[in-house]
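**Q** Structure provided below as structure tokens; questions to follow.
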Amino acid sequence: MYKISLITGDGIGPELSESAVVILDAIHEKLDVKFQIEKLLAGDIALSKYGKALPDQTLDAVKKSDACMKAPVGESAADVIVVLRRLLNLYANIRPAKSYPYMPALKDGIDMVIVRENTEDLYTGQEFEVDGAAVAFRIISEAASKKIAKYAFETAVMRNQKKRVTCVHKSNVMRKTDGLFSRVCADVAKQYPMIQFDQMYVDACAMNLIRRPETFDVIVTTNLFGDILSDESAEVVGGLGMAPAANIGDEFALFEPVHGAAFDIAGKGVANPSSFILSAKMMLDWLGAKHHDQKCVEAANKLESAVYGVVKKGIKTRDIGGDRTTMEFTKEIVSMLA
Ligand code: ATP
């Protein structure tokens, strides 16, 4: 029995969470992977209810669980996810971008993953004002760069696809910080002669994600660039509604959609739950690998095939050219899981 903490979030978060519970219950029933789900509050709703975006009871429950699924939170996102990543040392943010059938995608045949350093860079929020200027610290350490570089190469080995790692930075301008990141990645590359290694400036990468996204395999990059490029890669394969993510540490992991709380469509029942359902797929993969649980790995594969199968039948939510509601789409996936 896996204990799953579920942060239900803000905006479309509660709708996505409802969908995730239906999916996990179906896996529990049909595929014999047992879950105990605990729903938790964090984000704007927790801020208004308890005066704290990440209440202590939520943090405690997350720490006691085997894995966390976090729906998107609203304006207080930085006080929730950035803090959770740091407190739980979730140093790797994994954001796959994969072509699914009949998507409003720019190109087909894309299967890539962005491995984003998750603990440093401008996202530590260390900022201050002085004499009419605002200053932000950008710290890039050798230790964190090495850790994420290794994770990226191991991912390329495990994926066994194009066997390519592209290190993305802007070292021609940020010579110290990105210079270090680039040098450490190149050093780690020497331990992986079977993996092709190349480097790309972030602006060139942004362009190539549009021009020839199908050529990428694993991109390793710093925190801010990874955040921006992963929204772009999600859009290239058909939109944020299909984009899952994982925050991985040595002992714990948290799974969430790439996108935010999408207040513009909240409460209408039209959100695409795939981003969160595919995040659950990543959780099953992670639990399976951690606990040597083949049933979990099989459930992950079946869940992805079910999403694939449903969109292939032309059953889609509004964002990807269909008319199904969040729950109708979810139930189609459940029937496909059988
Ligand atoms: P953040 O900065 O917190 O990531 P954002 O301002 O980039 O948030 P999002 O909430 O990610 O905005 O939404 C961007 C756009 O994508 C919105 O128009 C939203 O409706 C759409 N969108 C995001 N997620 C989904 C989803 N699951 N289904 C359908 N549309 C979505």
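The values are calculated or read from the model by the stated rules, or taken from the named source; none is laboratory data. Everything numeric in this text was worked out from a predicted model, so none of it was measured. Cβ atoms come from the backbone with ideal geometry, glycine included; neighbour counts cover every protein chain shown. Remember, those area values only see protein heavy atoms, side chains included, never the ligands or the DNA or RNA. Shrake-Rupley method; radii C 1.70, N 1.55, O 1.52, S 1.80 Å.
**Q** Using each residue's phi in the stretch 238-254, evaluate 6.51 cos²θ - 1.76 cosθ + 1.60 at θ = phi - 60° and report the 3J(HN,Hα) Karplus result to the nearest Hz, with x for Gly and Pro.
**A** x, x, 5, x, 10, 9, x, 8, 10, 10, 10, x, 6, 10, 9, 8, 10
**Q** Now, a different point. Counting other C-beta atoms within 10 Å, and keeping those with at most 15, which DSSP coil chymotrypsin sites (Phe, Trp or Tyr not before Pro) do you find in the stretch 27-106?
**A** Here the sparse-neighbourhood loop sites are Tyr102.
**Q** Looking at the chain, send over the antiparallel percent of its DSSP beta bridges, to the nearest 5.
**A** For the chain, the DSSP antiparallel bridge percentage is about 40.
**Q** Right, here's the next one. Can you pull out the cysteines in the chain that have no other Cys Cβ under 4.7 Å?
**A** Cys68, Cys205, Cys296
**Q** Could you work out the helix-only [θ] at 222 nm for the chain, with each DSSP H run of four or more residues adding -39,500 (n - 2.57) and the total divided by the number of residues, to the nearest 500 deg cm²/dmol?
**A** -13500 deg cm²/dmol
**Q** Anything over 25 Å Cα to Cα? Flag those among Lys3/Lys162; Lys107/Lys313; Lys39/Lys331; Lys268/Lys295; Lys70/Lys107; Lys162/Lys295, in the order listed.
**A** Listed pairs above 25 Å: Lys3/Lys162; Lys268/Lys295; Lys70/Lys107; Lys162/Lys295.
**Q** What is the Cα centroid distance between the stretch 110-130 and the stretch 163-200, reported in whole angstrom?
**A** 17
**Q** Could you work out how far apart the two model spin labels at Lys30 and Lys107 are, taking each label as a point 7 Å from the Cα in the direction of the beta carbon, and quote it in nm?
**A** Using points 7 Å along Cα→Cβ, the separation is 3.4 nm.
**Q** Sticking with this one: Modelled label-to-label distance, Met158 and Asp323, 7 Å Cα→beta-carbon offset: nm?
**A** 4.2
**Q** For the stretch 162-173, in order, what is each residue's ³J(HN,Hα) by Karplus, 6.51 cos²θ - 1.76 cosθ + 1.60 with θ = phi - 60°, in whole Hz (x at glycine and Pro)?
**A** Rounded to whole hertz, the list is 7, 6, 10, 10, 10, 8, 10, 7, 9, 6, 6, 10.
**Q** With the crude spin-label approximation of a point 7 Å out along Cα→Cβ, what separation in nm comes out for Ile210 versus Gln294?
**A** The answer from the label model is 4.8 nm.
**Q** Counting only protein heavy atoms and using a 1.4 Å probe, what share of the accessible area of the stretch 106-236 belongs to carbon plus sulfur, as a whole percent?
**A** Carbon and sulfur: 56 percent of the exposed surface of the stretch 106-236.
**Q** Additional query: Compute the FRET efficiency between Lys3 and Glu232 as 1/(1 + (r/R0)^6), taking r as their Cβ-Cβ distance and R0 = 45 Å, and round to the nearest 0.05.
**A** Step by step, r from the Cβ atoms, then E = 0.80.
**Q** A further question follows. Among Gly241, Met194, Ala261, pick out the residue whose Cα is farthest towards the positive end of the charge dipole of the chain, where Lys and Arg carry +1 and Asp and Glu carry -1 on C-beta, about the Cα centre.
**A** Met194
**Q** While we're looking at this one, here's another question. Rounded if a/c is under 1.5, else prolate if a/b beats b/c, else oblate: with a ≥ b ≥ c from the C-alpha gyration tensor eigenvalues square-rooted, which is the stretch 32-167?
**A** Oblate, since a/c reaches 1.5 and b/c is not below a/b.
**Q** Listed here are the pairs Lys63/Lys147; Lys150/Lys170; Lys146/Lys312; which of them are more than 31 Å apart at the Cα?
**A** Lys146/Lys312
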